[in-house]
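Written below as structure tokens is the structure these notes are about.
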Amino acid sequence: MGLSKDTTWKIIKYAQKTFNALPHSLAVSFGGFLGVVLWAFSKRRVDSAERRCVRALGVGVTTARKIVKGSYANMGRSVAEFTCLPKNIHTLDSLVTIHGEEHLRRAYEKGRGVIFITGHIGNWEMAAASLVRKGYPVNAIGAEQRDERITDLIIDYRRDCGVLTISKGFSLKAAMTCLKKGEILGVLIDQDARDKGIVAPFLGLPASTPYGPIKMSLKYGSPMLPIVMIRRPDHIHHDLYILPPFEDESSEKFGENMWEAVASCNNFISSWISQYPDQWLWLYPRWASTLGHSS
């Protein structure tokens, strides 16, 4: 039986106060601890996450258990960091090292908007805030939660860090407006798009993937840049990698072969998950619509 909305909200507010009362390193450590506590008391969800891990990575149960436990710890650390971001915004430059900013600068200077393609790996919210600190206008697609109070809290935290949320859910109109203004739109591509997506391999398994960002890139000429945020072994510092824009291997524009474009996006995220499996959100049922509800 899951926690009620009110109980969950009280826990979040308590954690929020606790994280902000601690020095940054202690807050991150405490977040990791709480993530492991959640792992220990979430048997049903953990079992599902472990099955996904075994199936996608081809590892044994013992290895999958270690990976999923690490994933929960990373989630806890990321929540602690996100909660403290407004307080620590001026220290982000010392916590995040950006690699490949020249790719972003060239794409941004074209004035046609930029689409970031990333996934639920590392700390994606911190990545957006880091780029705002560098002077880039970053917009995020909504983060609708079961409890609207949590949705509003996420939007408020983003706004306090200079990251705009274009809508509570996905709004095509708001996304297009963002690109028309020459701004940056961040997209988490590793989500189950169900019957509104294109099925392409993700970690080698068929997954329904959103293709709206690729259509927008084609329509407005907005470069699509793959980016990923990876946590270092000390758990405190991060590396943000910005890669060159996606390109089609043929003479076609990227996205004219839609399936190939979707597969390229999935392959990008998959390659980083394979390298850092304990930093991806195995809790999320990525393959639910293609392989079953618990997948």
Restricting attention to the range 49-66, which residues are buried (at least 21 other Cβ atoms within 10 Å of the Cβ) and in contact with a helix residue (DSSP H, G or I) (Cβ under 6 Å, 6 or more places away or on another chain)? 49, 50, 53, 64
For the subset of the range 260-275 comprising residues that are crowded, with 16+ Cβ neighbours inside 10 Å and among the hydroxyl-bearing types (Ser, Thr, Tyr), which member is farthest from residue 246 (Cα to Cα)? 270
For residues that are modelled with pLDDT of 95 or more, surrounded by fewer than 21 Cβ atoms within 10 Å (Cβ to Cβ) and on the phi < 0 side of the Ramachandran plot, tally how many sit in the range 134-159. 3
When restricted to 204, 186, the only residue over 28 Å from residue 92 (Cβ atoms) and of a type in the set (Gly, Ala, Ser) is 204
Breaking point among (1) touching a residue at least 12 places away in the same chain (Cβ under 8 Å); (2) within 29 Å of residue 292 (Cβ to Cβ); (3) of a type in the set (Gly, Ala, Ser), for residue 27: (2)
Modelled with pLDDT of 95 or more, touching an Asp or Glu at 6+ places or on another chain (Cβ under 9 Å), assigned to a helix (DSSP H, G or I) and under 20 Å from residue 236 (Cβ atoms): does that describe residue 64? no
Criterion first (farther than 26 Å from residue 273 by Cβ, part of a helix (DSSP H, G or I) and touching a Leu at 6+ places or on another chain (Cβ under 8 Å)) does residue 218 satisfy it? no
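Which one of 243, 218, 225, 291 is closer than 27 Å to residue 39 by Cα and either out of contact with any helix residue (DSSP H, G or I) (no Cβ under 6 Å at 6 or more places or on another chain) or touching a residue at least 12 places away in the same chain (Cβ under 8 Å) (or both)?
Values: 243 fails: closer than 27 Å to residue 39 by Cα; 218 fails: closer than 27 Å to residue 39 by Cα; 225 fails: closer than 27 Å to residue 39 by Cα.
Only one candidate qualifies: 291.
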Determine the pairs where a residue that is modelled with pLDDT of 95 or more, located within the range 187-198, has a partner that is in a loop (DSSP other than H, G, I, E, B) and of a type in the set (A, V, I, L, M) with Cβ atoms under 9 Å apart, the partner being 6 or more residues away or on another chain. 190/281
Looking at 98, 117, 121, which is the one that is aliphatic (A, V, I, L, M), closer than 25 Å to residue 217 by Cα, surrounded by fewer than 23 Cβ atoms within 10 Å (Cβ to Cβ) and at pLDDT 95 or above? 98
Residue tally, condition modelled with pLDDT under 95 and either among the β-branched types (Val, Ile, Thr) or within 30 Å of residue 36 (Cβ to Cβ) (or both), over the range 253-283: 0
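Being under 20 Å from the mean Cα position of the chain (by Cα) and either without any contact (Cβ under 8 Å) to a residue 40 or more places away in the chain or assigned to a helix (DSSP H, G or I) (or both): is that true of residue 51 here?
Numbers: under 20 Å from the mean Cα position of the chain (by Cα): no; either without any contact (Cβ under 8 Å) to a residue 40 or more places away in the chain or assigned to a helix (DSSP H, G or I) (or both): yes.
No.
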So, restricting to helices (runs of 4 or more DSSP H) that lie completely within the range 112-192, which ones have at least 1 residues that are within 15 Å of the chain's Cα centre (by Cα) and of a type in the set (Val, Ile, Thr)? 148-160
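The values are calculated or read from the model by the stated rules, or taken from the named source; none is laboratory data. Everything numeric in this text was worked out from a predicted model, so none of it was measured. Positions of Cβ are backbone-derived with ideal geometry, glycine not excepted, and every protein chain shown enters the neighbour counts.
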